[in-house]
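Sharing a structure, written as structure tokens. Questions coming.
Derivation of every value follows stated rules applied to the coordinates shown; laboratory data play no part. Here the structure is a predicted model, which is why all the values come from computation and not from measurement. Cβ placement follows ideal geometry from the backbone for every residue including glycine, while neighbour counts extend to all protein chains displayed.
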Amino acid sequence: MTKNNFKIIFIGTSEFAVSALKALIKNNYDIKAVITSPDKPMGRKQEITPTPIKRVAKEYNLPILQPEKILDIKSEITNLKPDLIIVSSYGKIIPKSILDIPLLECLNIHPSLLPKYRGSSPIQTAILNGDKTTGITIMLMDEKMDHGPIVSQMKIDIEPSENYKDLEKRLSQESGSFLIKILPQYLNNKIKPQIQNESEASYTKILSREQGEIDLNKSAKEIERMIKAFYPWPGTWFYLNKKRIKIIKAKTSIKKQETSIKTGKDFLILELVQPEGKKTMTGEEFFRGYKKQLDLKKII
């Protein structure tokens, strides 16, 4: 069976999944349907916005399904008689009764080197932990979270300057080309999936807005990693005179600088900040405007 008559359903939601879907399209795989999350209100104006995956599917005139619960369209999926389902960053649990539908398996593209960092925030967690490397795992799905046998993995170095948005974009781009490289080998039975080592498994948590508040008693290096991991969401901030000061970009220093604040035993140089109700400004602009208020005893 060639890729042209191999029937695929693609399931995904976020920007991370876009590269994989586009790669399948451009390499002439037969995509019978794209399943994504329903449109949601976004931004300050709460405008109803399609998912990144829906935008791509519409661009290429692919059939789109947007169920609140994927079980609601079990019959539609069954009727499409897919040979394979490919999942990337869908954001919802897919039950076993759906996973059992395709002739072969369901493949998942996950942005970590499983079994490390299973769960919803593997990219952020890698940055928070100061990891030097991360990667992409293509795996067979089962009813447990990120648990199935590994088809193949790709290791990627994390650049010191990368924040979450940067690293997610690069991992997404790599995932598309990696999928196209691995998929023919898998379909032609040239890859034997390997069971994950459960003793090495670790799990990541769902991020919340509250996690963005900075504890200035932590080291500058910890805070710097936090700023990178939580950009653009949930963001990072501290309070000055009961006003939220959002830190967008910063770096560590062992010595006090004109635009630094004390953190633990070292200093954090503020490069880009956004005071509550104000526009984004440089660290220099912030310290000029808030110098009289910036009594560090009030914020640590």
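Of all the stretches in the chain, which is the longest one without any exposed loop site, taking GluC sites (Glu not before Pro) in a DSSP loop (any state but H, G, I, E, B) with at most 14 other Cβ atoms within 10 Å?
Excluding the exposed sites themselves, the longest stretch runs over 144-257.
Quick check on the exposure proxy: order ARG118, ARG288 from fewest to most C-beta atoms within 10 angstrom.
By the 10 Å Cβ count, ascending, the order reads ARG288, ARG118.
Give the residues of region 172-206 whose amide nitrogen is closer than 20 Å to a point set 7 Å from the Cα of THR133 in the direction of its Cβ.
Counting only backbone N, you get 172-179, 182, 194-203.
Next question. Any idea what the dipole of region 1-145 comes to, in debye rounded to 20, about its Cα centre with Lys/Arg Cβ at +1 and Asp/Glu Cβ at -1?
Here the size comes out at about 280 debye.
Please give the contour-minus-distance gain from LYS265 to ASP39: 0.36 nm per residue of separation, less the Cα-Cα distance, rounded to one decimal in nm.
Extra length available between LYS265 and ASP39 comes to 76.7 nm.
Moving on to the next point. Write down the percent of antiparallel bridges among all DSSP beta bridges whose residues are both part of region 1-111, to the nearest 5.
Among the beta bridges of region 1-111, antiparallel pairing accounts for roughly 15 percent.
May I ask for the distance between the Cα centers of region 32-63 and region 145-191, given as a whole number of Å?
So the separation of the two Cα centres works out to 23 Å.
Please identify, among ILE93, ILE127, ILE180, the residue showing maximal mean-square fluctuation in a Gaussian network model of the chain using a 10 angstrom Cα cutoff.
Maximum fluctuation in the GNM of the chain, among the listed residues, is at ILE93.
Relative contact order for region 202-268: what percent, with Cα pairs under 8 Å and sequence separation of 6 or more?
After rounding, I find 33 percent.
With θ set to phi - 60° and the Karplus curve 6.51 cos²θ - 1.76 cosθ + 1.60, what are the ³J(HN,Hα) couplings of region 221-227 in order, to the nearest whole Hz, using x for Gly and Pro?
5, 4, 5, 4, 5, 4, 4
Taking the chain as a Gaussian network, Cα atoms linked when under 10 Å apart, which of LEU140, LEU270, LEU179 shows the biggest mean-square fluctuation?
LEU270
Which of MET281, MET145, MET226 comes first, and how do the rest follow, when ranked by fewest Cβ neighbours within 10 Å?
Ranked by crowding around the Cβ, least crowded first: MET145, MET281, MET226.
Most exposed first by the Cβ proxy, i.e. fewest other Cβ within 10 Å, how do THR133, THR125, THR263 rank?
The order, fewest Cβ neighbours first, is THR133, THR125, THR263.
Taking springs between alpha-carbon atoms closer than 10 angstrom, which of LEU167, LEU21, LEU187 fluctuates most in the Gaussian network model of the chain?
Of LEU167, LEU21, LEU187, the most mobile in the Gaussian network model is LEU187.
In nm, what is the difference between 0.36 nm times the number of residues separating TYR60 and LYS96 and their Cα-Cα distance?
Length difference between fully extended and current span is 10.0 nm.
Which angle from 0 to 90°, rounded to the nearest 10, does the C-alpha axis of helix 164-187 make with the longest principal axis of the chain?
That helix lies at roughly 20 degrees to the long axis.
Moving on to the next point. Would you mind checking which residues have amide H under 5 Å from VAL87's amide H? H placed 1.01 Å from N; only 5 or more apart, or other chain.
ILE11, LEU107, ASN108, ILE109
To continue, here is another question. What number, in nm² with one decimal, is the all-direction average of the projected area of the convex hull of the alpha-carbon atoms of region 209-298?
5.2
Additional query: Please tell me the relative contact order of region 3-200 in percent, rounded to the nearest whole number, where contacts are Cα pairs under 8 Å and at least six residues apart.
21
For an R0 of 45 angstrom, estimate the FRET efficiency from the Cβ-Cβ distance between LYS74 and ILE254 and round to the nearest 0.05.
That gives a FRET efficiency of 0.15.
Further question on the same structure: Could you pull out the trypsin sites (Lys or Arg not before Pro) across region 1-71 that fall in loop regions by DSSP (anything but H, G, I, E, B) with no more than 16 other Cβ atoms inside 10 Å?
Passing both the DSSP loop test and the Cβ count: ARG44, LYS45, LYS69.
Around PHE6, which amide H atoms from residues at least 5 apart in sequence, or from another chain, sit under 5 Å from its own amide H, with H modelled in the peptide plane?
For PHE6, whose amide H was placed from the backbone, the distant partners under 5 Å are ASP30.
Let me ask something else about it. What distance in nm separates the simple spin-label points at LYS192 and GLU162, each placed 7 Å from Cα in the Cβ direction?
3.2
As a test of the formula, what do you get for the chain when each DSSP H run with n ≥ 4 contributes -39,500 (n - 2.57) and the sum is divided by the residue count, at 222 nm and rounded to the nearest 500 deg cm²/dmol?
-7500 deg cm²/dmol
With both partners inside region 170-300, how many of the DSSP beta bridges are antiparallel, as a percent to the nearest 5?
Taking every DSSP beta bridge within region 170-300, about 95 percent pair in antiparallel fashion.
Among bridges DSSP assigns within the chain, what percent are antiparallel (round to 5)?
Counting only bridges with both partners in the chain, antiparallel ones make up about 65 percent.
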